[in-house]
Every structure is written in C-alpha cells, then in structure tokens.
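Nothing in this text is a laboratory measurement; each read-out follows from the coordinates by a stated rule. Model, not experiment: these values are computed from the prediction. Positions of Cβ are generated from backbone atoms using ideal geometry, with glycine treated the same way; all protein chains shown enter the neighbour counts.
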Amino acid sequence: MTRVSLPEVPNRTPDEQSEHRLAEIRREASEKGRVTGDGVTPAGAPFPKASAETGYYGVPLLKEPQWTPEVPVYLFVGGAAGAAAVVASAAKLLTRDRDLVRSARWVAAVGGAISPALLISDLGVPSRFLNMLRVFKPQSAMNMGAWTLAAFSSFSGAAAFANLMRERFADALPVRIVEDAAGMLASATGLVLSTYTGVLIGATAIPVWNDHAVSLPHHFAASGVNSAVSILELMGHSDSRALNLLGAAASAFEVYEGIEIETRRDRVNQPLKRGVSGAIVRTGGVLSGPLPLALRLAAMFTGNSKLRRAAGIASLAGSLLTRFGWIRAGHASARDPHIPLDLPEKVHEIGKSRSDLAA
Amino acid sequence: MNHTDTYPTNGHHTNGHHTSAFLTDSTLCIGCKACEVACKEWNEVSADGYDWSGHSYDNTQAVGHSTWRHVKFVENPTVPGEGGNAAGQLPAWGFSSDVCKHCEVAGCLEACPTGAIVRMETGAVFVQPDVCNGCAYCVVSCPFGVVEKNKEDGRAFKCTFCSDRQAAGLKPACAQACPTESIKFGEINELRDEAKLRLEALKDRGVNDAVIYDPVDTSVKGIHAFFLLRGDPRAYNLPPKPEVPTTYLKKAWSSAAVAAGAMLGATLLAFLGDNHR
C-alpha cells in the first residue's frame, strides 16, 4: 500500500501552552472525573439496555446515508438515459424509424446533461466536483460511476449533436460516421450507467443494500429500460411494437423482482416492506411491474395506444418511486443495529429493575 | 506468535515510521470523558449541543463528524465470580472510549472516489480536508458507522489519529489527557502483545469475561484501534463480524455485467422482431 507523508492540514503545532492545557484536563479528570453514580437503569423505568441481546441501548451502529434527494432522482435519470442510448443504437441498426432514433438520442443526451448537475448539487463542496476524476479507482463504485457518467455525457451529447447536424444540414458520410460511432460508445457506457448504480449502493455497509448486491443491478437495469421506453412512448412513439415489447419485458422482470422481495421474510428485508420505505418500494413495484405489464399486454391485443400511454406514466412514476424507496430503505436499515451487531431476533428488551439486577 | 506474519506490516517500516495504534483498555476507564474534551479542544471540533439520551449517563451517543472520541457507558449486572464486583453492588460499570478503528482494510478509504481518504505513513486512515468534496460515499461504506459528513461544512470528518501531533513526535490528545492510561498509544505489534499480557493478568485475577476486540479474522483484517473489554463487545456497539463493503464488489459487478448483457440482448431482440417497418 502506498503511503503519503503527513499533510499540511490539520496543521496545529503543539506548544507549551497546548501541552499544559492537556495536562490540566488530565489533572482535573483524575481528581473529579470518576463516575461514582448508580447509573440510570437501576433507578427503574423501562429504559433500553446495553447488552449482548439488545446492543448499545438500541443506538444505531451505522450512519444513515447523507445523500440529498438529487441522488435517487439521478439514479432514475441516469438509468433512463443509459437505456435510451441503447434503444437509439438498436433502432438505428435494425429499423428505419429515424424519428425514434432521433428521440432516443435526445433522451440520452438530455439525461446525460442533467445527471452530472444532479450529482454535483448533492456534493457537500460542489466546486470540487472534478476531484472525482483526479484518480481512477476500480474499487470505488462511485469513482467508476463518475468516469462512466463523464464518458456517457460526452458520447450521448456528441451523438445527438451529430444527429441534429445530419437532419438539419448535411447527410454527409463523416457526420453519419460520427453519429453512429458516438451512439455506439454512448450505448456501451449507457449499459454501465444503467446497471452500476446497483453496485454503487449494493457494495456498502448498509445491510438491506448489500443483501441485494446481486439483484440490484438487474432491478435498476429493468427499471431504466422501463423508464426509457415509457419516455419515448409519451414523446409520441406509441406506434413502435418493439418499444411495447421491450416495456412489457422490463415490467415482467419488475414483477419477478417484486415477488423476490415479498417472499423474503428475514429482518434485513423489513425496510422494503414495512414503514414509509416499505410503502414507497411496494407502490413503486406495483406501478412499474404488474400494472404496466397488464396494460401493455392489453394494448398488444387491442392496439389501443391510450393503454400504452397509461403504462408509460405508471412505469415512470414507479421507477422514480423505486429509487426513492430503496434509498429510504437504506436509512431505515442503518437505524436498525440488529443486523450489523448480529443480535438475536426478538422484540427490543426493556431494562430490568433494580431488584431484578440485585437478585 | 509473530505478528508480522499475520498482519501485512512489512512495508510499513521502510520509511522510518512505525505503524501506530490505540489500545483502549476499558477495565481502566473511569468514565471521565477527558479524552472527549481533549480531542475536541486539540482538533477544534464544534460542539454537539446539549441533547439528553435519557437512557444512560451517555449523552454523546456515538462518534460522528464532531465527535472523534466517545465514552460508552454500559451498566452490567454484577455476576459473582467474574471478578471486580460483589453481588448486590450496583452496577458493574463498563466504560469504553470509542474511536475510529483505522481499519487495516478500510471501507471508507476503498470507497472514496476522489482519493481524499488516504493511508498515512503512521498507518492512520485520514480524510484530507483539502481534497474531500463531500460526496458522502464513505458514510455508507464504514462498517463501524464512524465517518460522517458535516452538513454545514459539506465535507466528511473523523478521527485524524492526531496526525499533526504524531508528526511532532507526541501522543494523540486523547491518550495524552487520559488520567488512567486506559487509552494507550504505541507501536501496533507492541500494543497487541501488551493487550494479551493484560488479558492474561486480568484472567489470573478472576476477571474471566475480559476479551480483546480486534476483528483480524474478518475482511477488515484487524484494526489500528483495538479494545480490551469485559463481556460481549455487542453491548458496546462493536460488530462481531465487520465487513469491508469491497467484499461485495465482485458479485455486484458480475451481476451488473449480466444485467447489461440482458439489457442489450432484450433491446436488440425487441427491435429484431419489429424490423419489418
């Protein structure tokens, strides 16, 4: 491991006065600092206890996430933008639907422009956002994400700009090559952008997140595809059968994901089912899973595009709620010391009375 | 046992600096909080306010961005035969001064996307305040819940191991102010040996529930601030199996690769079936 020499900050220099003050604290503590009281627990009242069964008075061991709401919004926007870039390249490659290609390129580019803004506004020191790119650090999912996003924003922006040039001015070969190449690179980085967010929160100390380190990348990928398809349909591409099919597939995967969560009955997964976080996750799951799936299947047979628009609106709301729900679940998970302390599974024990302890 | 075989400290001695450590011996702690006061004064850390926890003498509650030493108050029932207390005597106080563990493999350091968190030549894990951009990813990556973002300032803070004092050849402020030498500061292998000797001495005196908390068998691979406690470390909010979040990276990235492949495949398939347009 490389080691750096001691930095300028903190840069207090010990002097006679500072050392005298520390000696004074030490002297005062040795004279007056000894705790001689009986404590609080024996005085009665059902206080929480500190023990091997209850942990430290139920005080959380882990710190709650300190991200602003911009982060779950980014997880949503980045996921949709990444999937839109993939849709753009697939449509370019396999169809002649130039309108769809243009729309998908623009969804990717706008998402690629909004995402860094969201992340920068979440930072405690926004002016230092470029510090994210001062190192290349594979073991940091946040660092990998910053590089991925920087590349994606550039490529998706270039692809959309080339598309604009081609349609407005000249359909020349060099412009076409630039659009296709940038589009391909945007798709490649978009695939990472839509899935890495699952790694980002999965590889943390938060129990409910790291318990789903494997399923989260899939979950967020499906959610991203679902959102991208829905945005494109609501932009007027509700005649594309491919989009409906893709949306149905994503929703079907979200149904599977919902069943997977609901059938897990351990304490780690409680935040996904109980309380405010549970309500958000469940609502998000229904809105992006079974509801749009049913609407899309109905649209396939009836050909009613209103059903597809409804499916799109539900999926978008559901995908956004899903990200908020998972972040909120992380908060609830961090507040519960049971999992990281490996405490026995039972109701929080209340304190014993003085006579119980003396007995 | 030769510690250099167990702990990868070989490279630590090449630059003339030894790897320093804390041994916090809670059997010597009197709960005076001189360490908390000294730490705040030396490091000029802001106040925490006057919140009452209502469930013990501990109103500091936890280490955080403005609390780098924190004395825990555990009121144990007396167990005759465990040594130190007679039956009926109330309570058998357990005090323990908590601090950043300066993990051998540190979750915060691995997670930091800017490289602001570094390993110092003393072995300390240090957040460089002139580099940190306040992304708060370290906060969710610490298995001990130590590092925290100061919302007003915007950056993350935690114990610096008094790197400035160490550079001047002095003990950290908490160890300097501790009136009972419950907080010991020294070279890591010497302190690990000292902890073992102390544990044996305590057991000889009948303190049978004394334990050393130093999770060397987990992915954290040991800590640079270890504890000698009585009873179960969980009562002191010390996790039995702390895991560095990087242990989840391999399966998470593998899963992301599969998900990306599925996403690409599904999109291509959907448009392949629609190419008559």
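Viscosity 1.567 mPa s, temperature 4 °C: give me the Stokes-Einstein translational D for the protein assembly as shown in µm²/s, with Rh taken as the Kirkwood radius over C-alpha pairs. Spell out each step's value before the answer.
Values: Rh = 26.6 Å.
So the translational diffusion coefficient is about 49 µm²/s.
Determine how many Å³ per residue the convex hull of the Cα atoms of the range A:206-337 encloses. Mind showing how you got there, number by number?
Values: hull volume 10.7 nm³, N = 132.
With only Cα atoms used, the range A:206-337 gives 81 Å³ per residue.
If we count other beta carbons within 10 Å of each Cβ, what is the order of B:V63, B:V146, B:V37, fewest first?
On the way: B:V63 26, B:V146 31, B:V37 20.
With the fewest neighbours first, B:V63, B:V146, B:V37 line up as B:V37, B:V63, B:V146.
Counting pairs of Cα atoms in chain A, how many percent are more than 35 Å apart?
41
Quick check on my link table: of A:K63/B:K241; A:K273/B:K72; A:K63/B:K72, which ones sit more than 28 Å apart, alpha carbon to alpha carbon? Write down the numbers at each step before the final one.
On the way: A:K63/B:K241 17 Å; A:K273/B:K72 33 Å; A:K63/B:K72 17 Å.
Beyond 28 Å between Cα atoms: A:K273/B:K72.
For the Cα atoms of chain B, what angle does the longest principal axis make with the long axis of helix B:249-272, in degrees from 0 to 90, nearest 10?
Result, in degrees: 20.
Taking the highest mean first, how do the peptides A:130-138, B:93-101, A:268-276, A:199-207 order by number of other beta carbon atoms within 10 angstrom per residue?
A:199-207, B:93-101, A:268-276, A:130-138
Tally Lys/Arg at +1 and Asp/Glu at -1 over every other residue whose Cβ is under 9 Å from the Cβ of B:V244; what's the total? Don't jump to the answer; show the numbers that get you there.
Details: positive: B:K221; negative: B:E110, B:E243.
Residues close to B:V244 contribute a combined charge of -1.
If you project the alpha carbons of the range A:34-161 onto their three principal axes, what span does each projection cover, largest first, in Å?
Reported extents, whole Å, longest axis first: 81, 31, 24.
Obtain the nm distance between the two label points defined at A:D38 and A:Q139 by a simple spin-label model: each point lies 7 Å from its Cα along the Cα-to-C-beta direction.
5.2
Calculate the all-directions average of the projected area of the range B:123-277's alpha-carbon convex hull, and give it in nm². Before the final figure, lay out the partial values.
Working: hull surface 62.0 nm².
Over all viewing directions, the range B:123-277 projects a mean Cα-hull area of 15.5 nm².
Within 10 Å of each Cβ of A:186-198, how many other protein chain Cβ atoms are there on average? Numbers along the way, then the final one.
Values: counts 0, 3, 2, 0, 3, 9, 4, 1, 4, 11, 5, 1, 5.
Whole-number average of other-chain Cβ neighbours for A:186-198 is 4.
Taking 41 Å as R0, compute the FRET efficiency from the Cβ-Cβ separation of A:K273 and B:K250 and round it to 0.05. Before the final figure, lay out the partial values.
On the way: r = 28 Å, r/R0 = 0.69.
After rounding to 0.05, the efficiency reads 0.90.
Please give every one of the aspartates and glutamates within straight-line cross-link reach of B:K171, meaning a C-alpha to C-alpha distance under 14 Å, and leave out same-chain neighbours fewer than 8 residues apart.
Within the straight-line limit of under 14 Å, B:K171 reaches these aspartates and glutamates: A:D15, A:E19, B:E181, B:E187.
On average, how many beta carbons from a partner chain sit within 10 Å of the beta carbon of a residue in B:155-164? Kindly include the intermediate steps, with their values, before the conclusion.
Numbers: counts 4, 2, 0, 0, 0, 3, 0, 3, 5, 9.
So the per-residue partner count for this stretch is 3.
So which cysteines in the protein assembly as shown don't have a second cysteine's C-beta under 4.7 Å from them?
Unpaired cysteines in the protein assembly as shown: B:C29, B:C32, B:C39, B:C103, B:C112, B:C132, B:C135, B:C142, B:C162, B:C178.
Going by alpha carbons, how many degrees (0 to 90, nearest 10) lie between the helix axis of A:98-122 and the longest principal axis of chain A?
Orientation of helix A:98-122: about 20 degrees from the principal axis.
Cα axis of helix A:241-262 to longest principal axis of chain A: angle in degrees, 0 to 90, nearest 10?
20
On alpha-carbon atoms, Rg over Rh for chain B using Kirkwood Rh? If you can, show how the numbers build up before the last one.
Numbers: Rg = 22.4 Å, Rh = 20.7 Å.
Ratio value, two decimals: 1.08.
Based on the mean of other Cβ atoms within 10 Å per residue, sort peptides A:119-129, A:83-93, A:58-68 so the most packed one is first. Kindly include the intermediate steps, with their values, before the conclusion.
Details: A:119-129: 17.8, A:83-93: 28.6, A:58-68: 21.1.
Output ranking for A:119-129, A:83-93, A:58-68: A:83-93, A:58-68, A:119-129.
Counting only other chains, what is the mean number of Cβ atoms within 10 angstrom of the Cβ of each residue in peptide B:116-124? Walk me through the intermediate numbers first.
On the way: counts 4, 1, 5, 4, 5, 4, 2, 2, 2.
Mean shielding by partner chains, rounded to a whole number: 3.
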